[in-house]
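Before any comments, here is the structure.
The values are calculated or read from the model by the stated rules, or taken from the named source; none is laboratory data. Here the structure is a predicted model, which means the values were calculated and not measured.
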Amino acid sequence: MSFTGEEYKNVAAQGMNAYAAPSLFQPHKARQAIRDAHEKKIPPLMCYYSG
């Protein structure tokens, strides 16, 4: 599976998986998810795990 870093633009088809990291060693796209929720592109986030 190839990741380009632009997966979040297709959130309608992938859901929140569009913001997932490609591997456990790379950062997730939480900032983009928060930004998109604030701009009402996606539903509000219920929680945010930082661990």
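Observations
- Residue list for the range 1-21, filter: at pLDDT 70 or above and over 21 Å from Cys47 (Cα atoms): Ala13
- Number of positions in the range 24-35 that are outside any loop (DSSP other than H, G, I, E, B) and modelled with pLDDT under 85: 5
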